[in-house]
Amino acid sequence: MTARTRVDGWAKVTGAARYAADHRLDNLAHAVLVTSTVPAGRIAELDVTEAERAPGALAVITHRNAPRLSPAGDFYVQTVLPLQDDLIRYEGEPVAVVVADRLERAGEAAALVRVTYETAPATVELDDALPDAYRLGAYFEPITSSVGDVAAGLERADVVVERTYTTAARHHSTMEPSATLAEWRDGMLTLYDATQGVFNVRDAVCAALDLPADRVRVIAEYVGGGFGCKGFVWPHQLIAPMAARTVGGAVKLVLTRAQTFTSHGYQPPTRQTVTLGAARDGRLTAIRHTSVNSTSTYADHLEMAAICSRAMYACPAIETDHLLAPVSTVLPTPMRAPSDGPGMVALESAMDELAYELDIDPVELRLRNYAERDPTKGRPFSSKALRACYAEGARRFGWADRPMRPGALRDGNDLVGWGMASATMATFAAPASARVSIDADGRVLVEAGSQEIGTGTRTVLCQLAAEALGCPPERVTIRLGDTTLPPTGMTAGSSTTMSVGSAVQLAARSLRTKLASMALAEGDAPAELARLDGDALVVEGAPRTPLRELIGDDPVGAEASWSPSTADVSMHTFGAVFAEVRIDADLCLPRVSRLVGVYSAGRIVNPLTARSQMIGGMTWGIGQALLERSPVDRRLGRFVNKNLAGYLVPVNADVPELDASFVDEHDEHAGTVGGRGIGELGAVGVGPAIANAVFHATGTRIRGLPIAPETLLRGDGDGRD
């Protein structure tokens, strides 16, 4: 399809786009959270006297006077409901909320809440919690997997590589801090929320407050980045309507930047061990991949990092396993490229180490182990063009000129290294519905409950509707992010284009069929017979008909639903990433100077917005490789750098020109769209490609991300303090 600029771009750059905290309501009060300063224990004393007397204060809500809540359902992953008891489970847990007539007054009153704690012993680091690691009984995917005899495969291998790799705790750091506006009016609750799933929020709030679904409406017209932290429901989204009910009106609750580090999850650190057995010719004989990640002490989040090893390479024997280690922090949650993102760091680093053990080019090693079918499930892939990705990526990068020997490339005082890695992501899809209507002037309206979180959803859905209707995209308007619209899943797992896009196309085709049938005065005329021409319909076998004559003054619409059906295939996206790094020989400061990514994801609906997604993901990968980590103070049990001054994310100076492209492909199993999700794929493979390039430049293998200058200077390999 044609590359098109974002249809909502003008609204965003002019300020017309309204995010959750931008909505203005009558008599709006402001809420500020008071959060715990210790990681474990209970509240010993709680004095709110001064806070209640503060100017403008309307209410101070604590566990003593908060409304009692009911279990909030599956999408409230915290499980522990806010302000219901005096226990402390993590630093940053809400212990009170102060409501005042102005934000400044709410903040001043919140500072007057006095809390003392009876502390309890707390484990806050993954390494310290390893002795208490456990295995879940069930998850959305099997926790363990096994095909073939791994022990026998390792026994007959000519070379065995067994290494342990670590990835750091990371935070989502969205441009828009999470915010919830709650308004009670005439028994109806309306929430303006920064969420990736309006229906998830509605269902959780209804369950917690014992309300029927028709009394709660959730609106999220625009979301300023989610990356997973806004995918589920968190305490502040329940506290805001509690506060609004208490004061009897409208309340706005916006998390501070520091609170975003403790209020809606983070990507947990992982410790992964990969064992590879191979014959002398490079063919794998066995893969064993185990992973452990930290979770909270009160609920489970599993980062299924080893899942990538189940589908990536052809191998007769593959084992994977996952463990959890409980720590006293907020519950982790998915973060852009969960599971495969950290998992491929370990697998692709180990493959690079195996390539050096065998003296085989890293690309060639991967080609010799190319999987034509899913090696664990035995199913064919829905579509896979990874060979073409390797070939095109190597060509664009100039990989053929790479010397195998580490340290062979130098430019002045810079050590230069070239590394590569594969990328893959499991493909997710969810049931979705959409409504498409047209008025007498030929204006098309597409409606779906799905959210726009900055990925270009409005633009892509506009194009898909226009394509299905046979009309220019300029005539299509998109309405999203409201529980009064047709239901969809949350915007997560790179699933929206395939899921909601397929529903939109089906609804548009149904509308086109309806119009053709009306023009020909017969039932179920083929949609292909009809073509929209401005405010008229052109149908083969009938004269040009003005829409006003055909449908009158009221718009005509059609609604359709779509559900995934991929039981007979294994569906993944793939890619090949090539990185060049330059490292100052004296300072050991690593910089990425070139990055090439070529991807296999089925049909690309909009090349412009798709490339934006990939270069955004590749930038995330640079952060994973070189910058992003959230260390925890063992003594205080808190994340050390709860701001964007101490938590480093890539900025312009860190990001070179990124070369991102796609191979030509159509996946007939990927709904009516023919394309698989790409939003997270770009963040996969970049980290290990950079780590492999660092080894090629220096001869020092760093097995812990991010790679900091001091790690290279020490040369200790694991990347930990």
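Values for this structure:
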item: Matching residues in the stretch 507-526 - criterion: being outside any helix (DSSP H, G or I) and either of a type in the set (Gly, Ala, Ser) or in contact (Cβ under 8 Å) with a residue 40 or more places away in the chain (or both); result: 521, 523, 525
item: Residue list for the stretch 499-527, filter: more than 20 Å from residue 555 (Cβ to Cβ), surrounded by fewer than 19 Cβ atoms within 10 Å (Cβ to Cβ) and touching a Gly at 6+ places or on another chain (Cβ under 9 Å); result: 520
item: Residue selected from the stretch 330-345 under the condition touching a helix residue (DSSP H, G or I) at 6+ places or on another chain (Cβ under 7 Å) and of a type in the set (A, V, I, L, M, F, W, C), by the criterion surrounded by the most Cβ atoms within 10 Å (Cβ to Cβ); result: 345
item: For residue 575: the one exception among (1) part of a strand (DSSP E or B); (2) under 23 Å from the mean Cα position of the chain (by Cα); (3) closer than 30 Å to residue 202 by Cα; result: (3)
item: Evaluation of residue 450 against (1) of a type in the set (S, T, N, Q); (2) over 13 Å from residue 503 (Cα atoms); (3) surrounded by 24 or more Cβ atoms within 10 Å (Cβ to Cβ) (one fails), failing number; result: (2)
item: Cross-chain or 6+ apart pairs with Cβ under 6 Å, the stretch 699-716 first and closer than 20 Å to residue 344 by Cα and among the basic types (Lys, Arg), then part of a helix (DSSP H, G or I) and modelled with pLDDT of 95 or more; result: 701/695
item: Only listed residue being at pLDDT below 95 and surrounded by fewer than 24 Cβ atoms within 10 Å (Cβ to Cβ), chosen from 470, 489; result: 470
item: Qualifying residue in the stretch 467-475 (condition: more than 28 Å from the chain's Cα centre (by Cα) and among the aliphatic types (A, V, I, L, M)); result: yes
item: Residues of the stretch 658-708 satisfying the condition of being modelled with pLDDT under 95 and in contact with a Leu (Cβ under 8 Å, 6 or more places away or on another chain); result: 708
item: Residue that is nearest to residue 491 (Cα to Cα) [pool: residues in the stretch 391-429 that are acidic (Asp, Glu) and exposed (fewer than 13 other Cβ atoms within 10 Å of the Cβ)]; result: 401
item: Number of the condition not met by residue 21 [criteria: (1) part of a strand (DSSP E or B); (2) of a type outside the set (Lys, Arg); (3) surrounded by 13 or more Cβ atoms within 10 Å (Cβ to Cβ)]; result: (1)
item: Close pairs (8 angstrom Cβ cut-off, 6 or more residues apart or separate chains): under 21 Å from residue 421 (Cα atoms) and assigned by TED's automatic domain parsing to the domain that holds residue 74 in the stretch 296-320, surrounded by 22 or more Cβ atoms within 10 Å (Cβ to Cβ) and of a type in the set (Asp, Glu) anywhere; result: none
item: Output for the stretch 202-217, where each listed residue is hydrophobic (A, V, I, L, M, F, W, C) and closer than 18 Å to residue 23 by Cα; result: 216
item: Scan of the stretch 547-568 for residues that are in contact with a strand residue (DSSP E or B) (Cβ under 8 Å, 6 or more places away or on another chain) and in a helix (DSSP H, G or I), ordered by number; result: 547, 550, 551
item: Matching residues, the stretch 210-221, being surrounded by fewer than 22 Cβ atoms within 10 Å (Cβ to Cβ) and not β-branched (Val, Ile, Thr); result: 210, 211, 212, 213, 214, 215, 217, 221
item: Only listed residue being without any contact (Cβ under 8 Å) to a residue 40 or more places away in the chain and either assigned by TED's automatic domain parsing to the domain that holds residue 366 or over 21 Å from residue 389 (Cβ atoms) (or both), chosen from 529, 547; result: 529
item: Extreme residue, nearest to residue 28 (Cα to Cα), among residues of the stretch 177-194 that are small (Gly, Ala, Ser) and under 26 Å from the mean Cα position of the chain (by Cα); result: 182
item: Residue 644 more than 27 Å from residue 576 (Cβ to Cβ), among the aliphatic types (A, V, I, L, M) and over 23 Å from the mean Cα position of the chain (by Cα); result: no
item: Output for the stretch 24-50, where each listed residue is hydroxyl-bearing (Ser, Thr, Tyr) and in a strand (DSSP E or B); result: 35
item: Residue among 157, 169 that alone is more than 21 Å from residue 309 (Cβ to Cβ), surrounded by 14 or more Cβ atoms within 10 Å (Cβ to Cβ), in contact (Cβ under 8 Å) with a residue 40 or more places away in the chain and in contact with a strand residue (DSSP E or B) (Cβ under 9 Å, 6 or more places away or on another chain); result: 169
item: Single residue of 621, 597 found to be within 30 Å of residue 430 (Cβ to Cβ), assigned to a strand (DSSP E or B) and of a type outside the set (Ser, Thr, Tyr); result: 597
item: Condition met for residue 602 (at pLDDT 95 or above, in contact with a Lys or Arg (Cβ under 6 Å, 6 or more places away or on another chain) and at positive phi); result: yes
item: Matching entry among 658, 644, 636, 712 (being of a type outside the set (Gly, Ala, Ser) and under 22 Å from residue 334 (Cβ atoms)); result: 644
item: Members of the stretch 104-132 that are within 26 Å of residue 30 (Cβ to Cβ), surrounded by fewer than 16 Cβ atoms within 10 Å (Cβ to Cβ) and not small (Gly, Ala, Ser); result: 104, 114
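This table checks each residue for (1) crowded, with 24+ Cβ neighbours inside 10 Å; (2) touching an Asp or Glu at 6+ places or on another chain (Cβ under 7 Å).
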{"site": "558", "(1), (2)": "no, no"}
{"site": "563", "(1), (2)": "no, no"}
{"site": "568", "(1), (2)": "no, no"}
{"site": "580", "(1), (2)": "yes, no"}
{"site": "593", "(1), (2)": "no, yes"}
{"site": "598", "(1), (2)": "yes, yes"}
{"site": "607", "(1), (2)": "no, no"}
{"site": "612", "(1), (2)": "no, no"}
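Yes or no, residue by residue, for (1) in contact (Cβ under 8 Å) with a residue 12 or more places away in the chain; (2) in contact with a strand residue (DSSP E or B) (Cβ under 7 Å, 6 or more places away or on another chain); (3) more than 28 Å from residue 633 (Cβ to Cβ):
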| residue | (1), (2), (3) |
| --- | --- |
| 62 | yes, yes, no |
| 80 | yes, no, no |
| 85 | yes, no, no |
| 129 | yes, yes, no |
| 136 | yes, yes, yes |
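Yes/no per residue for (1) at pLDDT 95 or above; (2) in the same structural domain as residue 638 (by TED's automatic domain parsing); (3) buried (at least 24 other Cβ atoms within 10 Å of the Cβ); (4) in a strand (DSSP E or B):
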residue: 225; (1), (2), (3), (4): yes, no, no, no
residue: 230; (1), (2), (3), (4): yes, no, yes, no
residue: 240; (1), (2), (3), (4): yes, no, yes, no
residue: 246; (1), (2), (3), (4): yes, no, no, no
residue: 251; (1), (2), (3), (4): yes, no, yes, yes
residue: 265; (1), (2), (3), (4): yes, no, yes, no
residue: 274; (1), (2), (3), (4): yes, yes, yes, yes
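The values are calculated or read from the model by the stated rules, or taken from the named source; none is laboratory data. Bear in mind the structure is a predicted one, so any value in this text is a computation, not a measurement. Cβ sites come from the backbone with ideal geometry, for glycine too, and all protein chains shown count toward neighbours.
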